[in-house]
């Protein structure tokens, strides 16, 4: 399977407000490839660098350094040609509120160079795809947030792009529109469209993405299939709050339990990596009881992408 997108050491810096501030580095040398026909996820918290990365790939921002190829075209040297091969659905709605959905799509279709029957055929197809053909004549300002996002997706598909960039497409949408977006993404991918999907919802990445790059503070810290990433942390994780005077003794004894891979103190809590969360929890609580250690909090995290992120960064995806 060939790569549709190839990114190597991509960096984006912004100048500080004053010379003292120095440069702010939003993206710190990310490298990845997106295969033809896959849904590739960028998973990370708000401010991690997802939107900056997608904006560079969509030719909205010029990289400070590094290289990227999209459909065999150089991102910087051939940016006008790159734009013809991509569809962008930005996080911020790019629609005219007083125009109808159909008029919005006709306007954007003309920007892409579509005319006549071809334009109207694509407008009709995208309206059917996003389930809003019956509301095509209504002004966008009468739509719910989820419906607006669905029209936003329709606009990004008008010119039949090689790859669709979806930047946090379900933020603030109602459950019905969210499910509709999922179904659209899955259908488009079955029909051969390659998709780059950014999100901070791990359940979306687990459902939709063939491979996921976990990004934090502008760096990719893990990249694999959701299944492989989840399996990499084995049985799960436990966070246990213990009154400080007993914590060291508990750590020393808990390390002898066979179900525990690793135990460490992080931000006033015990972070326990385990082969089997339930058995480890029973063992640790028995030790705490023997030591007469007061448990102040308890959280058990079953293996999923949230747990992977927590293990790698020490914080949750939505922090």
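Restricting attention to region 108-124, the residues that are part of a helix (DSSP H, G or I), over 27 Å from the mean Cα position of the chain (by Cα) and buried (at least 16 other Cβ atoms within 10 Å of the Cβ) total 4. The set of residues in region 82-97 that are over 14 Å from residue 147 (Cα atoms) and free of Cβ contacts under 8 Å to residues at least 60 places away in the same chain comprises 82, 83. Taking the options 166, 157, name whichever one is under 30 Å from residue 315 (Cα atoms), assigned by TED's automatic domain parsing to the domain that holds residue 214, in contact with a helix residue (DSSP H, G or I) (Cβ under 8 Å, 6 or more places away or on another chain) and at pLDDT 95 or above. Sole residue among the options that is under 30 Å from residue 315 (Cα atoms), assigned by TED's automatic domain parsing to the domain that holds residue 214, in contact with a helix residue (DSSP H, G or I) (Cβ under 8 Å, 6 or more places away or on another chain) and at pLDDT 95 or above: 166. A count restricted to region 80-107 and to residues that are closer than 26 Å to residue 36 by Cα, part of a helix (DSSP H, G or I) and in contact with a helix residue (DSSP H, G or I) (Cβ under 9 Å, 6 or more places away or on another chain) stands at 1.
Quick one: in region 18-51, which of the residues that are over 30 Å from residue 190 (Cβ atoms) and outside any loop (DSSP other than H, G, I, E, B) is modelled with the lowest pLDDT? The qualifying residue modelled with the lowest pLDDT is 23. State which residue is surrounded by the fewest Cβ atoms within 10 Å (Cβ to Cβ) when the search covers only region 56-79 and only residues that are out of contact with any helix residue (DSSP H, G or I) (no Cβ under 8 Å at 6 or more places or on another chain) and in contact (Cβ under 8 Å) with a residue 40 or more places away in the chain. That would be 65.
When 82, 130 are screened for being closer than 22 Å to residue 58 by Cβ and touching a strand residue (DSSP E or B) at 6+ places or on another chain (Cβ under 8 Å), only 82 passes.
Restricting attention to region 193-203, the residues that are over 21 Å from residue 26 (Cβ atoms) and at pLDDT 95 or above add up to 3. Taking the listed residues 51, 64, the one that is in contact with a strand residue (DSSP E or B) (Cβ under 8 Å, 6 or more places away or on another chain), farther than 26 Å from residue 317 by Cβ and in the same structural domain as residue 226 (by TED's automatic domain parsing) is 64, with no other qualifying.
Here residue 311 qualifies as within 18 Å of the chain's Cα centre (by Cα) and not assigned by TED's automatic domain parsing to the domain that holds residue 10.
Total residues in region 158-203 satisfying the condition of being assigned to a helix (DSSP H, G or I), in contact (Cβ under 8 Å) with a residue 60 or more places away in the chain and crowded, with 21+ Cβ neighbours inside 10 Å: the figure is 2.
When 214, 221 are checked against the criterion of being surrounded by 21 or more Cβ atoms within 10 Å (Cβ to Cβ) and touching a helix residue (DSSP H, G or I) at 6+ places or on another chain (Cβ under 7 Å), 214 stands alone in meeting it. Does region 288-304 hold any residues that are over 21 Å from residue 267 (Cβ atoms) and assigned to a helix (DSSP H, G or I), and which are they? Across region 288-304, the qualifying residues are 289, 290.
Residue by residue, here is whether (1) touching a strand residue (DSSP E or B) at 6+ places or on another chain (Cβ under 9 Å); (2) under 30 Å from residue 217 (Cα atoms) holds:
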position: 244; (1), (2): no, no
position: 253; (1), (2): no, no
position: 272; (1), (2): yes, yes
position: 294; (1), (2): yes, no
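The values are calculated or read from the model by the stated rules, or taken from the named source; none is laboratory data. If you're wondering where the values come from, they're calculated on a predicted model, not measured in any experiment. Every residue, glycine among them, receives a Cβ derived from its backbone with ideal geometry; neighbour counts consider all protein chains shown.
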